[in-house]
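No lab work stands behind these numbers, since they all come straight from the coordinates. These numbers were taken from a predicted model, which means no experiment stands behind them. Glycine also receives a Cβ, built like all others from the backbone with ideal geometry; neighbour counts cover every protein chain displayed.
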Amino acid sequence: MKVFKGILLALALLAAACAAVLIYAGRIEPYRVKIERLEISGAAVSAPMRVAAFGDTHVGNGLTAEDIRRAAEKIEALQPDILVFLGDLFDDYQSYNGDEEEELARVLAFESLPNMQKYAVYGNHDLGGGAKRMYEQIMADAGFELLVNGRADAGKNVNIIGADDWIFGTPDISGCVREGMFNLLLAHEPDWGANAQGVQLQLSGHSHGGQISLPLLTRKILPFGAHTYVRGSYEKEDGGIIYVNRGLGMSKLRLRFASAPEITLVEITP
């Protein structure tokens, strides 16, 4: 009888623990946005440059324009010179039933930072699911320059390069790298940029840092294009750095565990 009661108690405790984890993963961690910082020195920049990066908002699968607004307030407090969006604004626009497009454009305009440069690239969800036209419209209305296998001179000897999406597009940045400049590559899927030569820093998203970070499970659920570079900073053989942002939103499951939403602040100094 004592053994039976012990088993029942153990099962009750296990059920309670599982319920607590699910509540945390569904209602708490997805909204605990963290600021991660990356410092790069000895670069070719002519003066200090602050770059804030975010992406993978997946609006319509848990996050709303109001959630993005709260994240935007954190970005505004960082006072970046450049803001980059790494793709995947909506989760599945074809089945999206909301009406927050205008509000998203207002939030992403960052009117309190009129001199901040803003750049964006496509993610696979922006080109898939019927999102392309609306994504382009929202980012244009918000003042972002959408880079598709293109480049922009951001000042301070910084060259911003944007690659097309790897899954639904055709990434090709040949001719975009500038020798003698600090080349910053934006590529939604991190694994694609592994062979990009002459790039000092690549910023990517797509993986959500695993989204649900559990031993043995995370590797099995990582999306194509994020099997090698999953989260945080990696150094390539040529000395360049690939940094993978965990994103703000969720895809498929409305859960995050041990992979909190992220805004990245990169501080580049001469």
For this session: Rounded to the nearest 10 degrees, what's the angle between the helix 132-141 long axis and the longest principal axis of the chain, both from Cα atoms, 0 to 90?
Result: 60 degrees
Exercise. Per residue of the chain, what 222 nm ellipticity follows from adding -39500 (n - 2.57) for every DSSP H run with n ≥ 4, rounded to the nearest 500?
Worked result: -7000 deg cm²/dmol
Seminar exercise, completed: Cα-based Rg/(2.2 N^0.38 Å) for the chain, rounded to two decimals, is 1.07
For this session: Provide Asp67, Asp91, Asp99 in ascending order of the number of other Cβ atoms located within 10 Å of each residue's Cβ, fewest first.
Result: Asp99, Asp67, Asp91
For this session: Report, to the nearest 10°, how far helix 2-23 tilts away from the longest principal axis of the Cα atoms in the chain, using its own Cα long axis and a range of 0 to 90°.
Result: 30 degrees
Exercise. How long is region 87-196 along each principal axis, judged by its Cα atoms, biggest number first, in Å?
Worked result: 47, 34, 17
Exercise. For all pairs of alpha-carbon atoms in region 118-270, what percent lies in each bin of width 5 Å, listed from the first bin to the last filled one?
Worked result: 2, 9, 18, 22, 21, 15, 9, 3, 1
Exercise. Using 7 Å Cα-to-Cβ label points, what is the Ile23/Glu103 separation (nm, one decimal)?
Worked result: 2.7 nm
Exercise. Tell me, Ser112, Ser251, Ser259 in order of fewest to most beta-carbon neighbours within 10 Å?
Worked result: Ser112, Ser251, Ser259
Exercise. What list do you get for Arg256, Arg37, Arg106 if you sort them by fewest beta carbons within 10 Å?
Worked result: Arg37, Arg106, Arg256
Exercise. Which residue fluctuates the most in the chain, going by a Gaussian network model with Cα springs under 10 Å, if the choices are Tyr24, Tyr135, Tyr243?
Worked result: Tyr24
Seminar exercise, completed: In nanometres, the difference between 0.36 nm per residue of separation and the alpha-carbon distance of Ile35 and Val148 is 38.0 nm
Exercise. How much length is gained on full extension from Lys236 to Gln137, taking 0.36 nm per residue of separation minus their Cα-Cα distance?
Worked result: 32.1 nm
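What FRET efficiency, computed as 1/(1 + (r/R0)^6) with R0 = 35 Å and r the Cβ-Cβ distance, is obtained for Gln79 and Ile221, rounded to the nearest 0.05?
About 0.45, to the nearest 0.05.
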Problem set entry | Lysine pair count for the chain [Cα-Cα under 30 Å; pairs on different chains or 8 or more apart] | 20
Seminar exercise, completed: With R₀ set to 35 angstrom, the calculated FRET efficiency between the beta-carbons of Ser95 and Ser46, to the nearest 0.05, is 0.15
For this session: Starting at the first residue of region 226-232, write each ³J(HN,Hα) from the Karplus equation 6.51 cos²θ - 1.76 cosθ + 1.60 with θ = phi - 60°, in whole Hz, x for Gly and Pro.
Result: 9, 8, 8, 10, 10, 7, x
